[in-house]
């Protein structure tokens, strides 16, 4: 059974679990995830320090890794391939995309996919992990520093991502997630010293973080809509510009399984270009194509297509 259909059925059996986990009491000392908060503050301090340790080579490393982790890792790998099954990748390409996603430092792959699938099932309703209906800053970043009950994770994973839990590549990166990031930091420092470390890790990670967070916040507040979805998703060109096409968010919520997010000729989708290149190079298969605006489609609650 497709996960989107399955999650809709299971939501009726236990409707409050998502709300209890993703919308807990906020900003009291006992409900703050101090580990996440301290780590995020330190990364932002490192990103600020990068501006005082500029080098052209460090900036080049940052740009390359921004594209690698942001586009290949998060938008293509974690999002369109893993969370939505919009395409299948050749084993080598799958491994590389998982590696890129891990180096984005947005969490282990199964948790990332879980959060995103819950977002689609509960978009802009109780249980949505990061709806701007709880506040713009909540949807952008504050939801990440709220402490949650780890005992609920296993139940939610079985509900939303049972297909992913069986995948060997995902399991491997679940176990080795931290090691790849430590190795990356050590390699960059060895090759380029402090400038490469600050630009290639701290500044790059912070920029990719905010790239992703803008989709959660700005793209549910401003912009236009091609589709009348049940949530507040919008298409926002300037977010799409920095997020490799992810800013065409209303298109995505209307047709979440599509591997392409730009549905009109002016909606530029660089990740879609990569998908097309992978198809030509036989690195991608079973690519799900979008339906055009105005073409009839059936929408389920949460923006999933039947």
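No lab work stands behind these numbers, since they all come straight from the coordinates. Computed from a prediction, not measured in an experiment: that's the story for all the values here. Every residue, glycine among them, receives a Cβ derived from its backbone with ideal geometry; neighbour counts consider all protein chains shown.
At 0.36 nm per residue, and after removing the present C-alpha to C-alpha distance, how many nm does the segment from residue 242 to residue 282 gain when stretched out fully?
Details: separation 40, 0.36 × 40 = 14.40 nm, distance 2.72 nm.
Taking 0.36 nm per residue and subtracting the Cα distance, the gain is 11.7 nm.
From the gyration tensor of the Cα coordinates in segment 146-211, what semi-axes in whole Å does the equivalent ellipsoid have, largest first, with each one equal to sqrt(5λ)?
Details: eigenvalues 199, 49, 21 Å².
For segment 146-211, the ellipsoid semi-axes come out as 32, 16, 10 Å.
Note down the nm distance, to one decimal, between modelled labels 7 Å out along Cα→Cβ at residue 230 and at residue 48.
A separation of 4.3 nm, rounded to one decimal place.
Using 0.36 nm times the number of residues separating residue 16 and residue 125, minus their current alpha carbon distance, what extension gain do you get?
38.1 nm
How high is the relative contact order of the chain, given as a whole-number percent (alpha carbon pairs under 8 Å, six or more residues apart)? The partial results should precede the final answer.
Numbers: 492 pairs, mean separation 73.7, N = 306.
Contact order relative to length: 24 percent.
Work out the FRET efficiency for residue 264 and residue 142 from their Cβ-Cβ distance, taking R0 = 41 Å, and round it to the nearest 0.05.
Values: r = 33 Å, r/R0 = 0.81.
Calculated value: 0.80.
Please compute the Kirkwood hydrodynamic radius of the chain from all pairs of different C-alpha atoms, in Å with one decimal. Display every interim value, and only then the final one.
Details: mean 1/r = 0.0507 Å⁻¹.
Every distinct Cα pair counted, the radius reaches 19.7 Å.
Relative to the present Cα-Cα distance, how much length would full extension add between residue 166 and residue 190 at 0.36 nm per residue of separation?
Numbers: separation 24, 0.36 × 24 = 8.64 nm, distance 3.65 nm.
Full extension of this stretch gives 5.0 nm more.
Could you tell me the extents of segment 59-207's C-alpha atoms along the three principal axes, largest first, rounded to whole Å?
Over segment 59-207, Cα extents along the principal axes are 46, 37, 27 Å.
If only Cα atoms are counted, what is the Rg of segment 60-144, and what is its Dmax, in Å?
14.0, 42
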